[in-house]
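Written below as structure tokens is the structure these notes are about.
FYI, it's all coordinate maths here, none of it is from the lab. These numbers were taken from a predicted model, which means no experiment stands behind them. Here the Cβ positions follow ideal geometry from the backbone for every residue, glycine too, while neighbour counts run over all protein chains shown.
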Amino acid sequence: MNQLDQASTQAPRQVAIQVLTNVLLQQGSLSTQLNRLQTQVTSDQQALFKELCFGVCRQFPKLNSIALSLLAHPFEEKDTDLYAVLLLGLYQLSYMKTPDHAAVNESVEACRLLNKDWATKLINAVLRRYQREELEIIDNLMQMPSVEFNHPKWLVKRYKKHWPNAFEQIIEASNVHPPMCIRVNLDRVSRETYQLTLSELGIETTQGGLSDASLYLSKAVSVNQLPGFDDGLCSVQDEAAQLSAQILNPTMSERILDACAAPGGKTGHLLECLSRSQSEEQKSNSVLPSLTAIELEAWRLEKIESNLDRLGYCAELMCADASQTEEWWDNQAYDKILLDVPCSATGVIRRNPDIKLNRKPADIEELIVIQKQILNKVWATLKPNGYLLYATCSLMPEENEQQIAAFLSEQSDASEIKLNHLNANLSLNWGLEVSHGKQLFPTLNGNDGFYYCLLQKSA
Ligand SMILES: C[S@@+](CC[C@H](N)C(=O)[O-])C[C@H]1O[C@@H](n2cnc3c(N)ncnc32)[C@H](O)[C@@H]1O
């Protein structure tokens, strides 16, 4: 970024409009669009650029309801970029310190830069009206769930139905900026030593209570500021996600499969645990762990590769559809399998706020079918007595306990192992015990929402 030719960069606002337009047109997730376009913004403007993109997505249900109430007609699809300009203007007026006149003027100027001068009057009028009547407008819309809870109506309905007692906690935690949590590589350094090193650099942290490797930073920093990051001393990973490797507790004598692995956060953690479990003899004989990581998307498999390179571990990486076992499995059964299936990601909305824009109820139905296929097929690759840990970052029982209930009713050789029984180090007081497995809800300043269920194959 620092070497970027200034001439090839643009104002963060303009690039944010491109990112948001693409997200609104469902041309990829926010993170994909950020990866694609962030190089057009200089490093000193990155924070503002990300604040604009994440902020509009995080507040989208509310901003969208406000915008629609102020427009006589919604914009046509070809003018989605203008809608992005309007949302960005409303976001600046409501949530940023930008002076109101600057927010309006910048929005009008943005129409010109898009060669859509015809829209300048409209954008100017809508934003000025909002500026004058903000409280009244919001008051009038407050009965809409999208405004009251800042979540899409269908999602609010499902949360209320499934989690009447945790509903408020879920909404509150999903609407805020998440904390930065790291996983210390306990194979290289203790959590206490690393915490002290960070403290000496002025980076204050607290230890998480779920994972023995977790540290929460009181203020997010760039990974470049984390000592030894490039050499694998730590990784950025939510604390709930860190439970996977702790529950599976892999050892060097076992064959391990990570079946939906990219970007490799949990693969790296499994390898750290494996390396830590190595005996002196195994170390001196350079015995390698047996871990296979599978990922459907080639470009995402590359992310696992670079993650493992940074950590200094190796694994067998395969680009394949985990449910097509005949295409990738060598018929050598696995002792332990991590199945972190694709899911609605409703437990991590605060990290992926574009879910509020683009996730639809029909997606969940499709995901349930995919999860079922992968689970059924991968089950065949597990050894008798072996363990499979089913994981999602979803809050939907349909993808979690109900998925497992259906699986158990169809697989006579599968049984559920109550969590905590495998690894004695694990705290007993985590998550909510549901009909099958455990559900974690997102918490303010704490872990993301997650679901785990441990299954064992009968002998
Ligand atoms: C929840 S993410 C996994 C996160 C990963 N375990 C980690 O901790 O970094 C699910 C991954 O499964 C991949 N995936 C989706 N369908 C798949 C399939 N049929 N076979 C293998 N991987 C699949 C997705 O591309 C995505 O990278």
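Give the cross-link partners of Lys97 among the lysines, using a straight C-alpha distance below 28 Å as the criterion and excluding same-chain residues fewer than 8 apart. Candidates past the 8-residue exclusion: Lys50, Lys62, Lys116, Lys121, Lys219, Lys356. Among residues other than Asp258 with Cβ under 11 Å from its Cβ, the summed charge is -1 (Lys and Arg +1, Asp and Glu -1).
When the charge dipole of the chain is built from unit charges on Cβ atoms (+1 for Lys and Arg, -1 for Asp and Glu) and taken about the Cα centre, the candidate among His269, Pro12, Leu88 whose Cα reaches farthest toward its positive end is Leu88. Distance from the C-alpha centroid of the stretch 280-322 to that of the stretch 37-90: 38 Å, rounded to the whole angstrom.
Put simply, when 121-132, 366-377 are sorted by average Cβ atoms within 10 angstrom per residue, most first, you get 366-377, 121-132. Give me the Debye-computed log₁₀ of I(q)/I(0) at q = 0.21 Å⁻¹ for the stretch 1-123, equal point scatterers on Cα only, no solvent, two decimals. The computed values of log10 I(q)/I(0) come out as -1.30.
Taking the number of Cβ atoms within 10 Å of each Cβ as an exposure proxy, the fewest-first ranking of Cys234, Cys53 is Cys234, Cys53. For the stretch 1-150, a crude dipole built from +1 on the beta carbon of Lys and Arg and -1 on the beta carbon of Asp and Glu, taken about the Cα centre, is about 120 debye to the nearest 20. Along the positive direction of the dipole of the stretch 179-237 (beta-carbon charges: Lys, Arg +1; Asp, Glu -1; about the Cα centre), which of Val223, Cys234, Leu210 reaches farthest? Toward the positive end, the furthest listed residue is Leu210. Summarising the overall dimensions of the stretch 314-456 from its C-alpha atoms, the Rg and Dmax are 15.6, 44 angstrom.
From most to least packed by mean Cβ count within 10 Å, the peptides 72-83, 433-444, 343-354 give 343-354, 433-444, 72-83.
Using bins of 5 Å that start at zero, the share of Cα-Cα pairs per bin across the stretch 179-237 amounts to 4, 21, 38, 29, 8, 0, in whole %. For the chain, the fraction of C-alpha pairs farther apart than 42 angstrom is 21 percent. Near Phe75, once Lys and Arg are set to +1 and Asp and Glu to -1 for all other residues with Cβ below 12 Å from its Cβ, the sum equals -2. The mean sequence distance of close C-alpha pairs (under 8 Å, at least 6 residues apart), as a share of the length of the chain, puts its relative contact order at 14 percent. Sorting the segments 135-143, 248-256, 295-303 by their residues' average number of neighbouring beta-carbon atoms within 10 angstrom, most packed first, yields 248-256, 295-303, 135-143.
Candidate cross-link partners of Lys377 among the lysines, defined by an alpha-carbon separation under 30 Å and a same-chain spacing of 8 or more, comprise Lys266, Lys303, Lys336, Lys360, Lys418, Lys438, Lys457.
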